[in-house]
1. Determine which member of the set VAL459, VAL439, VAL471 is modelled with pLDDT of 95 or more, surrounded by fewer than 19 Cβ atoms within 10 Å (Cβ to Cβ), aliphatic (A, V, I, L, M) and not assigned by TED's automatic domain parsing to the domain that holds LEU519.
2. Which pairs turn up if I take residues in region 494-523 that are within 14 Å of ALA35 (Cα to Cα) and look for partners that are surrounded by fewer than 18 Cβ atoms within 10 Å (Cβ to Cβ) and among the aliphatic types (A, V, I, L, M) with beta carbon separation below 8 Å, at least 6 apart in sequence or on another chain?
3. Mind listing just one residue for me: the one in region 358-386 that is part of a loop (DSSP other than H, G, I, E, B) and out of contact with any strand residue (DSSP E or B) (no Cβ under 7 Å at 6 or more places or on another chain) and, of those, farthest from VAL432 (Cα to Cα)?
4. Taking into account only those residues within region 138-194 that are aliphatic (A, V, I, L, M) and under 15 Å from ARG233 (Cα atoms), which is surrounded by the most Cβ atoms within 10 Å (Cβ to Cβ)?
5. Just to be sure I understand, how many residues within region 130-161 are at pLDDT 95 or above, farther than 25 Å from ASP100 by Cα and not aliphatic (A, V, I, L, M)?
6. Can you confirm whether region 379-387 contains a residue that is over 22 Å from ALA486 (Cα atoms) and either charged (D, E, K, R) or surrounded by fewer than 21 Cβ atoms within 10 Å (Cβ to Cβ) (or both)?
7. Just to be sure, is GLY264 touching a helix residue (DSSP H, G or I) at 6+ places or on another chain (Cβ under 9 Å) and crowded, with 23+ Cβ neighbours inside 10 Å?
8. Pairs, please: C-beta under 8 Å, at least 6 apart or cross-chain, first residue closer than 12 Å to PHE322 by Cβ and in region 273-296, second in a helix (DSSP H, G or I) and not charged (D, E, K, R)?
Amino acid sequence: MTSADLVFTGGPVFTVDPARTRASSLAVVGDRIVAVGHDEVRELVGPRTEVVDLAGRLLLPGFQDAHVHAVFGGSELAECDLTGTVGVPEYLGRVRAYADAHPEHAWITGGGWSMESFTGGLPTRQLLDSVVPDRPVLLSNRDHHGAWANTKALELAGITAGTPDPADGRIEREPDGTPSGMLQEGATALVTRLVPASTPADRLAGLLRAQELLHSLGITGWQDALLGAFSGRADPSDAYATAARDGSLTARVTGALWWDRRRGSEQIAELAALRDRLSHGRFRATSVKIMQDGIAENFTAAMTSPYLDGCGCATANSGLSFVDPGALRGYVTELDALDFQVHFHALGDRAVREALDALEAAVAANGRRGNRHHLAHLQVVHPDDLPRFASLDALANVQPLWAAHEPQMDELTIPFLGPERSSWQYPFGDLVRAGATLVAGSDWPVSSPDPLAGIHVAVNRREPGTTDDRVFLPEQRLDLPTALAAYTAGSAHANGHDDAGSLRAGNLADLVVLDRDILTGPPEEIAEARVERTYVAGRLVHAR
């Protein structure tokens, strides 16, 4: 009998394999798992076997993130970082400190600020002018659906009271029409087109910085949800192509090629050519990202009925469908016929319905081709559409960190959705009960990439460490095994890796060791667990 290269023993093993959910030992030869079991696995220990004593720690399949922006996130780690606080004085202090530390930068860029920090979610140019008046400043908000600009940036872009709103965005304005400093959705491109472009070396450095962070969180693979030039940002595809070819890409990555909503089906041939040119080694550009709507906080998420105003009365605004729903059905049918996976951004209930209608049209035209189409975000899902996920084989791609009471939810969302629609938010439990396959992602750098934090919220429907004892729609909570499956087997399936995401003989040895067994601990302590080790294909890529 061939001895193993690597044996884990002495602790719980959660397999995410329905045939055998729990074990206590696991063996690896090369890049594959060869045995999962108990004491009998130790028979594979030979003179050259590395034995890892789990000492009661938990062994899991490696986490996978089905919706992340790794190159953007890694690049932003080197820019002006406003994450981790909601205080306006702290924001301004960081901007000033960053500008002072980087006099060589013609532009001050970065982001991570929270809408909850400002009345109506709208910061002003005058605040930025108070700390950096002489250089243009442009800072994305936490969800990256808007940006905060100072007066210098607006002037350089030529944005005045007479500048019309673009079709896919909005310029927030002062009472006299003067731009206020807040740009929503596609309006950000009016300024980002002027920001000095990153270099290929910058983008590669961003990818490798992100990969180090994601491995430290137990993530062994992901789907990058936006490859292409978007809103003035450089295309990160070259970073993946370089890293895949030089061997520095240790993760398994699926790339979602950006659908240019200003164009039509003529771009499909270009996307197919890109898929062939970019895919190499551990990187495959086999998905297409279609952003169907915006977000609820700035009233651009597409809803089936109008948003409310501050008094609770219906407005004339039901959000934006960035791609005409009729045209969308045709595009998706063509993409499906070419065996592309379609990765929708669908946040409002109308966008969700439009995406499902497009998949229904594709199935009617092409039959079931098994292309693992998925809808990401799913903030508001109409109850009538819940069963359609299972019937259409549409994967439900959820970002659990957002499913909690916090100021952006309580102050900028619920009052403008109203009670009924608010009760349809992030319906994880209902989706599972309706037979949907859950996959999970972070949307980093929009929110934390830590899977344990996301799992914590999926199970508890409360933010980690919060003193707020309210549970957000408790009937939508997931049990821990289901949440773990979404972050492992579910996301591995969405990313095209059916031989990862669960621990059984023959599967890839993509593994993570936690410092405790979260399955036997209190659910309110899930987020306190830490990743001790991460392996990809049997190779250690992170050790705490």
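The values are calculated or read from the model by the stated rules, or taken from the named source; none is laboratory data. Treat the numbers as computed from the prediction; the structure is a model and nothing was measured. Note that we place each Cβ from the backbone using ideal geometry, even for glycine, and neighbour counts take in every protein chain shown.
1. It is VAL471.
2. Pairs that qualify, where the first residue is within 14 Å of ALA35 (Cα to Cα) and the partner is surrounded by fewer than 18 Cβ atoms within 10 Å (Cβ to Cβ) and among the aliphatic types (A, V, I, L, M), are ARG504/ALA19.
3. In the first step, residues of region 358-386 are kept if they are part of a loop (DSSP other than H, G, I, E, B); the result is 367-373, 378-379, 381-382.
Remaining after also requiring out of contact with any strand residue (DSSP E or B) (no Cβ under 7 Å at 6 or more places or on another chain): 367-370, 381-382.
Details: GLY367: 24, ARG368: 21, ARG369: 23, GLY370: 20, VAL381: 13, HIS382: 15 Å.
Checking each candidate, the answer is GLY367.
4. Applying the filter and picking the extreme gives ALA147.
5. So the answer is 2.
6. Checked against the condition, which is being over 22 Å from ALA486 (Cα atoms) and either charged (D, E, K, R) or surrounded by fewer than 21 Cβ atoms within 10 Å (Cβ to Cβ) (or both), region 379-387 yields at least one hit.
7. On the way: touching a helix residue (DSSP H, G or I) at 6+ places or on another chain (Cβ under 9 Å): yes; crowded, with 23+ Cβ neighbours inside 10 Å: no.
Answer is no for this residue.
8. ILE290/LEU328; ILE290/TYR331; ILE290/VAL332; ILE290/ALA355; GLN292/LEU328; GLN292/ALA351; GLN292/ALA355; ASP293/ALA351
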